[in-house]
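Read the structure below first, then the notes.
Just so it is clear, none of the values below were taken in a lab; they were calculated from the coordinates. Bear in mind that the values here come from a model prediction, so they are computed numbers and not experimental data. For neighbour counting, all protein chains shown are included, and Cβ atoms are generated from backbone atoms with ideal geometry for every residue, glycine included.
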Amino acid sequence: MTPKYKRILLKLSGEALMGEDPFGINRQTIEAIVAEVAQVARLGVEMGVVIGGGNIFRGLAPGAAGMDRATADYMGMLATVMNALALSDSMRQAGIASRVQSALNIEQVCEPYIRGKAIRYLEEGKVVIFAAGTGNPFFTTDTAAALRGSEIGAEIVVKATKVDGIYTADPKRDPRAQRYARISFDEAIARNLKVMDATALTLCRDQKLPINVFSIFKKDALRRVVLGEDEGTLVHV
């Protein structure tokens, strides 16, 4: 089978790593996610990953109440580094070559983000995990995904969620909710569908970088997205 995309940017939320746990990293869950990634890597698809830190700490979480926002955001960035290291280690155990690059300099732990080096790793078939968001407070990891995806020349941003696409309403609350197979950026923004934050959506739209929202917990879903099959919701220009 021939993949539709040669290079992708996978956006993973930190919460996805929790599984059924209240916080932290669930080993079975991270292994299941890596198994999905491995399928795509074996197809020869070059992959960058941006991971969040919400399973450990979020700048906007109740635990950050009363804190200086910039300080809280930096703490959230450090949480993403922890997740990136855990993801990279799980990939190593699964036989997948990966590298972690951080937007914050923590050279004893991982490499700093260098665009040219990241692209070279991708061309060598390594998965590059981008940690610490954009390296700046007040920006989400959604924006980091849009930014890194644009920088590395990804053909699509694939956003892994707990829901298998974008719906007209919350499918858990409204049984009549219907999944969009495709939707334009302008329509997603106008309807406030919260695909990503507005900054990330606008950046992807301006760079003509499509987004596919899918469920990382649906077996083989990532593979189907990469093969161009009807999976999740495609947000396009």
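So the values come out like this:
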{"item": "Prolate/oblate/rounded call for the stretch 130-229, Cα gyration tensor, a/c under 1.5 rounded", "result": "prolate"}
{"item": "Extension reserve of the THR2-THR168 stretch, reckoned as 0.36 nm per residue once the Cα distance is removed", "result": "56.6 nm"}
{"item": "Peptide ranges 177-184, 162-169 listed from the most packed, as the mean C-beta count within 10 angstrom indicates", "result": "162-169, 177-184"}
{"item": "Between the stretch 133-159 and the stretch 74-122, the alpha-carbon center distance in angstrom", "result": "14 Å"}
{"item": "Long-range Cα-Cα pairs in the chain (distance over 23 Å), rounded percent", "result": "45 percent"}
{"item": "Dimensions in Å of the stretch 197-237 - Rg and Dmax from alpha carbons", "result": "11.4, 32"}
{"item": "The chain, dipole about Cα centre (Lys/Arg Cβ +1, Asp/Glu Cβ -1), debye to the nearest 20", "result": "380 debye"}
{"item": "Entries in LYS126/LYS208; LYS126/LYS219; LYS172/LYS194; LYS117/LYS159 that, when Cα-Cα distance is taken, lie over 19 Å", "result": "LYS126/LYS208; LYS126/LYS219; LYS117/LYS159"}
{"item": "Extension reserve of the ALA35-LEU78 stretch, reckoned as 0.36 nm per residue once the Cα distance is removed", "result": "13.0 nm"}
{"item": "Sequence-distant residues sharing a close amide H with ARG182 (under 5 Å, placed H)", "result": "LEU234"}
{"item": "Distant-in-sequence amide H partners of SER98 (H built 1.01 Å from N, under 5 Å)", "result": "VAL127"}
{"item": "Cα-based shape type of the stretch 96-183, given that a ≥ b ≥ c are square roots of the gyration tensor eigenvalues and the cut on a/c is 1.5", "result": "prolate"}
